[in-house]
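The values are calculated or read from the model by the stated rules, or taken from the named source; none is laboratory data. Note that the structure is a prediction, hence the values are computed from the model and not measured. As a convention, Cβ positions derive from the backbone with ideal geometry for all residues, glycine included, and neighbour counts pool all protein chains shown. The protein model used for the area step is the full one, side chains on, heavy atoms only, and it has no ligands, DNA or RNA in it. Shrake-Rupley method; radii C 1.70, N 1.55, O 1.52, S 1.80 Å.
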Amino acid sequence: MVEWTAEERAAIQGVFNKLDYESVGRESLTRCLVVYPWTRRYFGGFGNLFNAEAIMANPKVAAHGIVVLQGLEKALKNMDDIKNTYASLSEFHSVKLQVDPVNFQLLSDCLTVVIATRLRTEFTPDIQAAWQKFLAVVVSALSRQYH
């Protein structure tokens, strides 16, 4: 089980408090699909994903970006049991969607870049450390079904 300090919990909650799910979700998923184009294969039903402009304008990308952030919010609300909180989601991505688990890390990296550009100097090294720890636990929980 992961131990969280009060400061880490506050830092992670503080990041969430500043997120606009629609724009951050869209931009993070767009960045992932553009920077790592092979990730597009998991989104075949999303329509036109041929270039950055099309991806950014795609309503299904925007909607899924919100779903991703809502999923992270679920982890925030269950920080002491993220592994079990994500058990069914891990199974779904593994068994039904057959998503390579490395993609969870790629998306979390893109999300961190977007958050850093939004929060700028507010995204201090201590806040980033707490955020990275949180995302590492989430990625591990999502990848659990693969082990």
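Considering the zone a paramagnetic label at Asp80 would reach in this model (a point 7 Å from Cα along the Cα-to-Cβ line), which residues of segment 1-25 have amide N under 14 Å from it?
Residues 1-6, 9 qualify, since their backbone N sits under 14 Å from the label point.
Relative to the Cα centre, what is the charge dipole magnitude of segment 1-85, using +1 at the beta carbon of each Lys and Arg, -1 at the beta carbon of each Asp and Glu, and rounding to the nearest 20 debye?
Using Cβ point charges on Lys, Arg, Asp and Glu, segment 1-85 gives about 400 debye.
Top mean-square fluctuation among Val102, Val61, Val15, Gaussian network model of the chain, C-alpha springs under 10 Å?
Of Val102, Val61, Val15, the Gaussian network model singles out Val102 as fluctuating most.
Over its Cα atoms, what ratio of radius of gyration to 2.2 N^0.38 Å does segment 12-87 give?
Expressed relative to 2.2 N^0.38 Å, the Cα Rg reads 1.20.
Return the FRET efficiency for the residue pair Gln70, Arg9: r is the Cβ-Cβ distance, R0 is 22 Å, and the value is rounded to the nearest 0.05.
Step by step, r from the Cβ atoms, then E = 0.70.
Around Ile127, with a cut-off of 13 angstrom between Cβ atoms, what is the net charge of the other residues, counting Lys and Arg +1 and Asp and Glu -1?
Taking every other residue near Ile127 into account, the sum is +1.
Just to make sure I understand: if all protein chains stay in place, what is the order of Met1, Met79, Met56 by accessible area at 1.4 Å, largest first?
Met1, Met56, Met79
Given springs between every Cα pair under 10 Å in a Gaussian network model of the chain, which of Thr112, Thr124, Thr30 has the largest fluctuation?
Thr124
Within 11 Å, Cβ to Cβ, of Arg26, how many net charges do the neighbouring residues add up to if Lys/Arg are +1 and Asp/Glu are -1?
Net local charge, Arg26 excluded: -1.
Please build a GNM for the chain, connecting alpha carbons under 10 Å apart, and tell me which residue among Arg26, Arg40, Arg120 fluctuates the most.
Greatest mean-square fluctuation among the candidates belongs to Arg120.
Given a cut-off of under 8 Å on Cα pairs at least six residues apart, what relative contact order in percent is computed for the chain?
35 percent
Students sometimes get this wrong: rank Trp38, Trp4, Trp131 by accessible area, probe 1.4 Å, all chains present, largest first.
Trp38, Trp4, Trp131
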